[in-house]
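Working notes for the structure below.
The values are calculated or read from the model by the stated rules, or taken from the named source; none is laboratory data. Since this is a predicted model, take the numbers as computed values, not measurements. Neighbour counts run over all protein chains shown; Cβ positions are idealised from the backbone, glycine included. In case anyone asks, the SASA skips ligands and DNA or RNA and just uses the protein heavy atoms, side chains included. Shrake-Rupley method; radii C 1.70, N 1.55, O 1.52, S 1.80 Å.
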Amino acid sequence: MFTREFSVRRMLAFKPTIEKIAAGLLDEMATQGPPVDLASTIAVKFPSLVMSALFGSPYEDHTFIIRCAVARHGLTQSAEEAATKARELTAYVRRLIDHKAAHPGDDMVSRIVAEHVNPGHLSRDEFAEIGAMILRAGHDTTTNLISMGTLLILRDEAMRSRLLADPVLIESAVEEFLRYITPVQFSPRRVALEDVELGGVTIRRGEGLFVLLPSANRDERVFPDPDGVDVARDASAHLTFGYGIHQCLGQTLARYELHILFAQLMRRFPTLSLAVPIEDIRFKHDMQIYGVHNLPVRW
């Protein structure tokens, strides 16, 4: 029901909006002047503005949405706190659905209501649960890829020079960053639909298992020198977006966001550098989605 909303055709039509959002945020960054914490500004605001435009939700709600996503994806809160924030975000999406049903616009929520909810194919409660999941995923993962990808570039002068000299490499660099970083650092849960042998172990039908995506993305049989970052390699076989029927619904949107943001960032700020020692960067060991809490930069 949601595939068409994230199709290549739909995302191509949405691309000018993404480009405009990126340019506006980088204009603000240039006006503010260095130093700027890229993690809390560009990396957080960019996906938030994109998702607000996609959903047709007010941008001022993004702080609440991020707070719910952090509570859901954190590792320090209680199970009760995580469940409460998950319910709050679902309730928010339910209110948005009700509003769009009464006041439709040119956005994803309005179209899903018209095409699937009103005909009875999907209930409003079901849509609210799915919508909350999309909002969480659309904010947190892209935010952390932007921060971590920028950090990789700033720590490797040869990589930066290569990307500045040949911007076409940014597309392959994004795939390599997705492979190398694998921001969803904790395992998706899966159940075998039939008996299968994997690595000399027989997994029986109905048995559950955890799939460690970062390990798969460092498989040296697929990616030579897997612990190195090569922006020119073909890393498209990575499993960061999942596989088969479990592939990420928004992967085309995420790729466009990353391509656009990195291309504009490199072009606008070719002398970008870290404003603090690497030891002052706080990594997200306290979150399910890996990244950094801060990334002060200057130019």
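Observations, loosely collected:
- Signed unit charges on C-beta, dipole axis of the chain, positive-most listed residue L212, F177, I66: I66
- For Rg and Dmax of the Cα atoms in Å, calculated from these coordinates, the label among (1) 22.9, 82; (2) 26.5, 85; (3) 19.8, 59: (3)
- Straightening the chain between T271 and Q247 buys 5.0 nm, computed as 0.36 nm per residue apart minus the Cα-Cα spacing.
- FRET E, pair L209, A101, Förster distance 45 Å, beta-carbon r, rounded to 0.05: 0.65
- The residues of the range 157-299 expose, per residue, 56 Å² of accessible area to a 1.4 Å probe.
- In summary, the range 255-299 shows an alpha-carbon radius of gyration equal to 1.37 times the 2.2 N^0.38 Å reference for compact globular proteins.
- Cross-link pairs K15/K284; K45/K100; K20/K100 - those with Cα-Cα distance over 26 Å: K15/K284
- The charge dipole of the chain, taken about its Cα centre with unit charges on the Cβ of Lys, Arg, Asp and Glu (plus for the first two, minus for the last two), comes to roughly 440 debye.
- Relative contact order for the chain, counting Cα pairs under 8 Å that sit 6 or more residues apart, in percent: 26 percent
- Helices that extend 30 Å or more along their long axis by alpha-carbon positions and average at least 0.0 on the Kyte-Doolittle scale are, among the DSSP H runs of the chain, 8-32, 124-154.
- Taking the range 221-299 and dividing mean pair separation by its residue count, relative contact order in percent (alpha carbons under 8 Å, at least six apart): 21 percent
- Taking I203, I146 and ordering them by how much accessible surface each has at a 1.4 Å probe, largest first, produces I203, I146.
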